[in-house]
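Working notes, structure below.
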Amino acid sequence: MSAPKPSCWDFYVILDIIPEDKFCVGETKQGCRCGNVINKADRYTANLLITQMNQKKELLKMKGDVEQLAELMLCKHVHNSDRYSDYNQVKKMSSRWTEMIDVKYGEIQKKNKDAAAMKAKKETRRVERIGERRAKVFGLFF
Ligand SMILES: [Zn+2]
């Protein structure tokens, strides 16, 4: 089976993130979205990284990218800080996003499998029709 094409995925959608919305993707202890702002340079780099990820061919080889993305999209003061390791959410976000990628991968695999099954069914029908036509033609002569 052929690998999914690069245009099959959009990480803005898969990971449900918009770097332009400025805020850290981390969560507070109460489960609310963190209100800390991500600086412009990191948002720019995050956008660039997502664009590159969207062009890659191997969906499952993005663990390193996802971790880098989490570092960029989490605030330096709390959720991506070495000083408060209890609050650091780089690992948590990376594994959540990796899971989301796995789900998407499963969906693409299923779609490809269904498409292949459909194609095989059509081909079988086509061969049957040829057989029927030949039988008719032979029927005329013999
Ligand atoms: Zn934060």
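FYI, it's all coordinate maths here, none of it is from the lab. Remember, it's a predicted structure, so these values are computed and weren't measured experimentally. Note: ideal-geometry Cβ built from the backbone for every residue, glycine included; neighbour counts use all protein chains shown.
Restricting attention to the stretch 76-121, the residues that are in contact with a helix residue (DSSP H, G or I) (Cβ under 7 Å, 6 or more places away or on another chain) and more than 14 Å from the ligand (Cβ to nearest atom) add up to 7.
So if I check each of 86, 65, 16, 21, which one is under 30 Å from residue 112 (Cβ atoms) and surrounded by fewer than 16 Cβ atoms within 10 Å (Cβ to Cβ)?
16
The sole residue among 28, 45 that is without any contact (Cβ under 8 Å) to a residue 60 or more places away in the chain and touching a Cys at 6+ places or on another chain (Cβ under 7 Å) is 28. Is it true that some residue in the stretch 108-120 is in contact (Cβ under 8 Å) with a residue 24 or more places away in the chain and in contact with an Asp or Glu (Cβ under 7 Å, 6 or more places away or on another chain)? No. With respect to residue 25, is the statement that it is under 19 Å from the mean Cα position of the chain (by Cα), within 16 Å of the ligand (Cβ to nearest atom) and assigned to a loop (DSSP other than H, G, I, E, B) true? Here the answer is yes, as residue 25 does meet what is asked. Which one is nearest to the ligand (Cβ to nearest atom), of the residues in the stretch 48-75 that are outside any helix (DSSP H, G or I) and farther than 17 Å from residue 29 by Cα? Among residues in the stretch 48-75 that are outside any helix (DSSP H, G or I) and farther than 17 Å from residue 29 by Cα, the one nearest to the ligand (Cβ to nearest atom) is 62. Given the structure, is residue 101 surrounded by 10 or more Cβ atoms within 10 Å (Cβ to Cβ) and touching a Pro at 6+ places or on another chain (Cβ under 6 Å)? Answer is no for this residue.
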